[in-house]
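The values are calculated or read from the model by the stated rules, or taken from the named source; none is laboratory data. The shown structure was predicted, so the numbers you read here are calculated from the model rather than taken from an experiment. Quick reminder, even Gly has a Cβ in these numbers, built from the backbone with ideal geometry, and neighbours come from all protein chains shown.
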């Protein structure tokens with residue numbers, strides 16, 4: 001196969017190990033929805049196998065998996081236009097991951113920044129899954145021959161690893177079977193920062209709920225969190241250069257830009273000179289108008305577990321229809337006896 005022969009196909013996923021928050025929406029969900037259409041076949045996944053690289057309470061994992069699915073749908077993903085499923089229902093992911101475990105090199109894995117950050121000095125007590133999960137991530141993507149992956153900047157290194165694994169597999173077996181998947185990293189807010197510390201990424205694991213806007217927050221809570229977000233005493237500048245060394249100001253401007261489908265430059269051309277006492281209420285109104293319908297629909301869907309489970313089951317069936325032939329061909333290439341049987 002050549003790159004042009006691969007079906008234009010998007011794959012991405014979100015780990016169901018915490019509350020969906022504004023960073024997930026602007027950095028991932030909003031872009032997932034934007035890519036849903038005739039240009040691409042779109043496949044989106046709740047990556048529950050990645051979640052258990054650190055221990056998860058089983059009941060909470062089930063709840064969060066359904067919550068992420070509800071968030072996908074409430075944000076605008078249509079289960080008839082996109083394939084929505086949870087990773088553990090499609091065994092081909094882990095089957096291909098083992099092949100890739102034998103292709104990837106230890107040195108590649110040890111260089112992964114997230115492994116260093118999460119394992120730290122306690123790496124001997126970290127799970128093997130945490131170390132090897134970039135190989136599973138590569139399998140998640142390549143089991144569908146995905147050509148494009150919308151990811152946050154923090155996952156770019158893992159996508160580069162996916163490309164390395166694909167290239168090494170193709171080279172080792174003398175084939176042109178797996179594509180060189182392209183990252184899609186764009187938009188004014190690919191990385192949404194902490195509302196109380198603009199130098200840190202917004203995260204569901206932060207101890208304080210005031211550092212993030214959860215996608216299940218109601219209108220009053222969203223407005224309150226924005227009003228209390230950390231800022232500085234200076235007015236907004238008229239140009240982006242004026243946000244240098246002002247991480248909290250930059251974060252709020254980027255959030256406004258992303259929610260209003262503008263660039264930061266456009267926002268500052270309109271808002272330059274305003275104090276935060278004037279800008280924050282405008283941002284709060286915008287955030288409430290964009291996010292409260294999503295949180296309301298998520299709440300409705302979370303009350304309909306059977307509906308969510310049916311959507312995930314149908315999506316898994318559609319996903320397997322794509323994944324199974326690709327895995328079978330992979331096995332044939334590697335030399336597994338019986339792989340050619342239908």
Return yes when residue 20 is touching a strand residue (DSSP E or B) at 6+ places or on another chain (Cβ under 8 Å), in contact (Cβ under 8 Å) with a residue 24 or more places away in the chain and farther than 16 Å from residue 85 by Cα and no when it is not. yes
Out of the stretch 141-158, which residues are free of Cβ contacts under 8 Å to residues at least 60 places away in the same chain and more than 17 Å from residue 87 (Cβ to Cβ)? 153, 154, 156, 157
Note down all Cβ pairs under 7 Å where the first residue falls in the stretch 292-312 and is on the phi > 0 side of the Ramachandran plot and in a helix (DSSP H, G or I), the second is modelled with pLDDT of 95 or more and surrounded by 20 or more Cβ atoms within 10 Å (Cβ to Cβ), and they're at least six residues apart or on different chains. none
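Residue 268: outside the structural domain of residue 34 (by TED's automatic domain parsing), at pLDDT 95 or above, surrounded by 16 or more Cβ atoms within 10 Å (Cβ to Cβ) and farther than 24 Å from residue 28 by Cβ, yes or no?
Values: outside the structural domain of residue 34 (by TED's automatic domain parsing): yes; at pLDDT 95 or above: yes; surrounded by 16 or more Cβ atoms within 10 Å (Cβ to Cβ): yes; farther than 24 Å from residue 28 by Cβ: yes.
Yes.
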Selection over the stretch 232-262 where residues are closer than 18 Å to residue 275 by Cβ and more than 25 Å from the chain's Cα centre (by Cα) yields a count of 11
Of the residues in the stretch 196-251, how many are free of Cβ contacts under 8 Å to residues at least 40 places away in the same chain and part of a helix (DSSP H, G or I)? 11
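Yes/no matrix, rows are residues, columns are (1) assigned by TED's automatic domain parsing to the domain that holds residue 42; (2) surrounded by 14 or more Cβ atoms within 10 Å (Cβ to Cβ); (3) in contact with a helix residue (DSSP H, G or I) (Cβ under 6 Å, 6 or more places away or on another chain):
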{"residue": "255", "(1), (2), (3)": "no, yes, no"}
{"residue": "273", "(1), (2), (3)": "no, no, no"}
{"residue": "281", "(1), (2), (3)": "no, no, no"}
{"residue": "340", "(1), (2), (3)": "no, no, yes"}
Condition first: in contact (Cβ under 8 Å) with a residue 24 or more places away in the chain, farther than 17 Å from residue 13 by Cβ, surrounded by fewer than 16 Cβ atoms within 10 Å (Cβ to Cβ) and out of contact with any strand residue (DSSP E or B) (no Cβ under 9 Å at 6 or more places or on another chain). Can you find one or more residues in the stretch 176-195 that meet it? yes
Scanning the stretch 27-39 for residues that are at pLDDT below 90 and crowded, with 24+ Cβ neighbours inside 10 Å gives 27
Over the stretch 48-68, the set of residues touching a strand residue (DSSP E or B) at 6+ places or on another chain (Cβ under 6 Å) and either crowded, with 23+ Cβ neighbours inside 10 Å or free of Cβ contacts under 8 Å to residues at least 24 places away in the same chain (or both) is 65, 68
